[in-house]
Amino acid sequence: MTVRDTAASGPRSGVVGWPVAHSRSPLIHGHWLARHGIAGSYGLIPVAPAEIAVFFAGFAATGLVGANVTVPHKEAALAACADVEPEAREIGAVNTLWMDGGRLRGTNTDAHGFLANLDQRAPGWDKSPGRALVLGAGGAARAIVWGLVRRGFDVAVVNRTVARAEDLVRAFGPAVSARGWDAVPRLLRDARLAVNTTSLGMDGHGEMDIDFSVAADDMLVTDAVYVPVVTPFLAAASARGLATVDGLGMLLHQAVPGFEKWFGLRPEVTDELRALVLADIERSHP
Ligand code: ATR
């Protein structure tokens, strides 16, 4: 295991994953550190699956103040924490760690990221919550469904493997229902919000074929995928004239609580930060 850093002084954090080289978290946290003149650092921390339990068990000795955790280690992080916030336990994954009096603590900020993005870019989106349609039942969907239930939505989860959607019903209760893809046209008719969390429509991941013509004119459409920033799902919704919010803001907002815990200042998701990360995505996916 190597912990790569650019600065030697101040609190050190980073993102733990495998592979992790593609992560944009160092760009985000590096921007905030520079913006606020904080002497600290945030690096890439590649840890192979076979080594992750040992890495977390020895976390205190690394000298890190905390870390983000990404695929495939979020469940291992949950298991390794001495203390886990209720929402991370309910979602079943930890993406943010911090040391607290020698104890490793963890939470999940993905639901916060999802909700804060909509709050910022579509204010009032949850004023009269009704039915939300979530496509997919993987890790991202779990956090999003948890967040939507908290905001008072009834959530229909559509997944190719319906049993995985049924896991979310078991986890989050009667406000959630599980459906197969054949139910999408009917669900779209009375949904106030539609969310894609699947990789469908991306290169090599199969076709995304959604007919938004049946949707209400005021339905809001968003995506957890942010590469490309305008996904085929969002493009189809825009072509139908629906309001859309892209998934980049979810990535930016999920980073906020970790930065605050490690470096002592709650940073903002500004247009400047968004433009910085957008330019990086466009460079790597022209
Ligand atoms: P993440 O953590 O990013 O949500 P994931 O756990 O791998 O990623 O979940 C990917 C989601 O995309 C799942 O809902 C998956 O459906 P299954 O549970 O049936 O596998 C969905 N998905 C991926 N490729 C798909 C395809 N070709 N057709 C339909 N759904 C697909």
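The values are calculated or read from the model by the stated rules, or taken from the named source; none is laboratory data. No experiment lies behind these values; they were computed from the predicted model shown. Cβ sites come from the backbone with ideal geometry, for glycine too, and all protein chains shown count toward neighbours. Heads up: the accessible areas ignore ligands, DNA and RNA and are worked out on the full protein's heavy atoms, side chains in. Shrake-Rupley method; radii C 1.70, N 1.55, O 1.52, S 1.80 Å.
Projected onto their three principal axes, the Cα atoms of segment 13-77 cover extents of 36, 25, 15 Å, largest first.
Computed about its Cα centre, the charge dipole of the chain is approximately 380 debye, with only Lys, Arg, Asp and Glu carrying charge at their Cβ. Summarise the long-distance tail of P(r) for segment 1-158 by giving the % of C-alpha pairs beyond 29 Å. In whole percent, the share of Cα-Cα pairs in segment 1-158 beyond 29 Å is 24. The 3J(HN,Hα) values that the Karplus relation (6.51, -1.76, 1.60; θ = phi - 60°) gives for segment 213-227 are, in residue order, 5, 7, 6, 5, 4, 9, 6, 9, 10, 9, 9, 7, 7, 10, 10 Hz. Gly and Pro appear as x.
What is segment 16-101's relative contact order, in percent, from Cα pairs under 8 angstrom and six or more apart in sequence? It would help to have the intermediate numbers written out before the result.
Working: 90 pairs, mean separation 27.7, N = 86.
Dividing the mean separation by the residue count of segment 16-101 yields 32 percent.
Only Lys, Arg, Asp and Glu carry charge here, each on its Cβ (+1 for the first two, -1 for the last two); on that basis segment 152-262 has a dipole of about 260 debye about its Cα centre. Taking a ≥ b ≥ c as the square roots of the eigenvalues of the Cα gyration tensor, segment 87-235 is classed as prolate, since a/c reaches at least 1.5 and a/b is larger than b/c.
Accessible area per residue for the chain is 44 Å², calculated with a 1.4 Å probe on protein heavy atoms, without ligands, DNA or RNA. When a 1.4 Å probe is rolled over the protein heavy atoms, the share of accessible surface on segment 6-48 that falls to carbon and sulfur comes to 62 percent. Taking 8 Å as the Cα distance limit and 6 or more residues as the minimum spacing, I'd like the relative contact order of segment 203-262 as a percentage. Computed value for segment 203-262: 33 percent relative contact order.
Max-minus-min Cα coordinates of the chain on each principal axis give 56, 38, 37 Å, with the largest extent listed first. When the charge dipole of segment 1-97 is built from unit charges on Cβ atoms (+1 for Lys and Arg, -1 for Asp and Glu) and taken about the Cα centre, the candidate among VAL71, ALA48, ILE38 whose Cα reaches farthest toward its positive end is ILE38.
Between VAL176 and VAL155, the built amide H atoms are under 5 Å apart, and every one of these is 5 or more places off in sequence or on another chain. Every Cα-Cα pair in segment 166-286 was counted, and those over 23 Å apart are 44% of them.
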